[in-house]
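See structure below.
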Amino acid sequence: MQKFVEVLPDRQAIVERSLFLLVEKIQRTVAERGQFTLALAGGSTPKPLYEAMATQELPWDKIHIFWGDERYVAPDEPESNQRMARLAWLDRVPIPASNIHPMPTGAGDAAADAERHEAELRAFFQLGAGEFPRLDAILLGIGDDAHTASLFPQTAALQVRDRLITVGQKDEQPRLTFTVPLINQAECVMFLVTGANKQDAIAQIFAPEADAFTYPARFIQPQGELWWLFDEAAGANL
Ligand code: 6PG
């Protein structure tokens, strides 16, 4: 694993830096392998990056979009991560509909939809039993409780090692989420973190010793590159 930690002046600087890194990776990977697989984060931090991505000239037909987690709501609900990314970005570029792979939330049963998405990913990546796909990039955020994706502290989702997708829980609300082993298989994991309210979580994530079940982002140790992009508020104590 190669780890990169950058504290940038503000949110706009994070947008510019992450945009540069992502566009470079997309262009290089598509040139080398003809495809780029990207999983998006939800929440508020990545939205300006998605808006900036919508202004780029990229090989959209070669880019496949996934989500690292999804609230268990209909895709037209305000809290939907899919809805946020479509409005900010995906509805504004000529990416084929078949290249967009949202987490399903329509079965009325989060576990059934997790199984369904697991099958969708296994088919797309043509995986054998027990295999995990290596996404080219996974974007993640950090909650002020150090959760990432929908891997929340002291939840069963943190222990899942034999699945790609599982059900996370936030305040009894189900969510679908990438599992730790799926995230850690990635070529590149990029955390985008803003706000002073994240300082305590960051301190525990970067501490020499702390319980990963209490600070879940400590589990994220990808095979490839690990990028941490902070604004000054979030990264003040690094
Ligand atoms: C979600 C996200 C979640 C998010 C963090 C940080 O569905 O909410 O995937 O993990 O990245 O909660 O959210 P902010 O960027 O809004 O601080």
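Pairs meeting the criteria (first residue in the range 220-233 and within 18 Å of PRO46 (Cβ to Cβ), second residue open to solvent by 10 Å² or more (accessible area, probe 1.4 Å) and of a type in the set (Gly, Ala, Ser), beta carbons under 8 Å, at least 6 apart or on different chains) are ASP231/ALA13; ASP231/GLY195; ALA233/GLY195; ALA233/ALA196.
Take LEU139 and decide whether it is open to solvent by less than 50 Å² (accessible area, probe 1.4 Å), in a strand (DSSP E or B) and within 14 Å of the ligand (Cβ to nearest atom).
It is true that LEU139 is open to solvent by less than 50 Å² (accessible area, probe 1.4 Å), in a strand (DSSP E or B) and within 14 Å of the ligand (Cβ to nearest atom).
For ARG83, the conditions (1) closer than 19 Å to THR29 by Cβ; (2) open to solvent by 60 Å² or more (accessible area, probe 1.4 Å) are fulfilled apart from (1).
Considering the range 36-79, and only residues there that are closer than 30 Å to GLU172 by Cα and β-branched (Val, Ile, Thr), the residue that is surrounded by the fewest Cβ atoms within 10 Å (Cβ to Cβ) turns out to be VAL73. Exactly one residue among GLU118, GLU172 is away from the ligand (no atom under 15 Å from the Cβ), within 18 Å of the chain's Cα centre (by Cα) and not hydrophobic (A, V, I, L, M, F, W, C), and that residue is GLU118.
Taking the range 160-178, which residues are assigned to a loop (DSSP other than H, G, I, E, B) and more than 14 Å from LEU127 (Cβ to Cβ)? Can you show your working first?
Start the filter on the range 160-178 by keeping residues that are assigned to a loop (DSSP other than H, G, I, E, B), which leaves 160-164, 171-172.
If the condition is that a residue be assigned to a loop (DSSP other than H, G, I, E, B) and more than 14 Å from LEU127 (Cβ to Cβ), then VAL160, ARG161, ASP171, GLU172 are the ones that fit.
Contact map, the range 118-140: residues that are free of Cβ contacts under 8 Å to residues at least 60 places away in the same chain paired with residues that are within 16 Å of the ligand (Cβ to nearest atom) and not in a helix (DSSP H, G or I), Cβ distance under 6 Å, separation 6+ or inter-chain. Pairs shown: GLU118/ILE165.
Taking LEU8 as the residue in question, decide whether it is of a type in the set (A, V, I, L, M, F, W, C) and either more than 16 Å from the ligand (Cβ to nearest atom) or without any contact (Cβ under 8 Å) to a residue 40 or more places away in the chain (or both). Break it down stepwise before answering.
On the way: of a type in the set (A, V, I, L, M, F, W, C): yes; either more than 16 Å from the ligand (Cβ to nearest atom) or without any contact (Cβ under 8 Å) to a residue 40 or more places away in the chain (or both): no.
The answer is no for LEU8.
Sub-6 Å Cβ pairs linking a first residue in the range 68-81 that is without any contact (Cβ under 8 Å) to a residue 24 or more places away in the chain to a second residue that is within 11 Å of the ligand (Cβ to nearest atom) and outside any loop (DSSP other than H, G, I, E, B), at least 6 apart or interchain, are GLU79/ARG71, ordered by first then second residue. Against the numbered list (1) of a type in the set (A, V, I, L, M); (2) in contact with a Ser or Thr (Cβ under 7 Å, 6 or more places away or on another chain); (3) over 21 Å from LEU226 (Cα atoms), LEU49 comes up short only at (3).
Against the definition (of a type in the set (Phe, Trp, Tyr) and surrounded by fewer than 23 Cβ atoms within 10 Å (Cβ to Cβ)), how does PHE178 come out, yes or no? For PHE178, the condition - of a type in the set (Phe, Trp, Tyr) and surrounded by fewer than 23 Cβ atoms within 10 Å (Cβ to Cβ) - is not met.
The values are calculated or read from the model by the stated rules, or taken from the named source; none is laboratory data. Since we're looking at a predicted model, the values are computed, not measured. All Cβ positions, even for glycine, are placed from backbone atoms using ideal geometry, and neighbour counts span all protein chains on display. Accessible surface areas use protein heavy atoms only, side chains included; no ligands, DNA or RNA. Shrake-Rupley method; radii C 1.70, N 1.55, O 1.52, S 1.80 Å.
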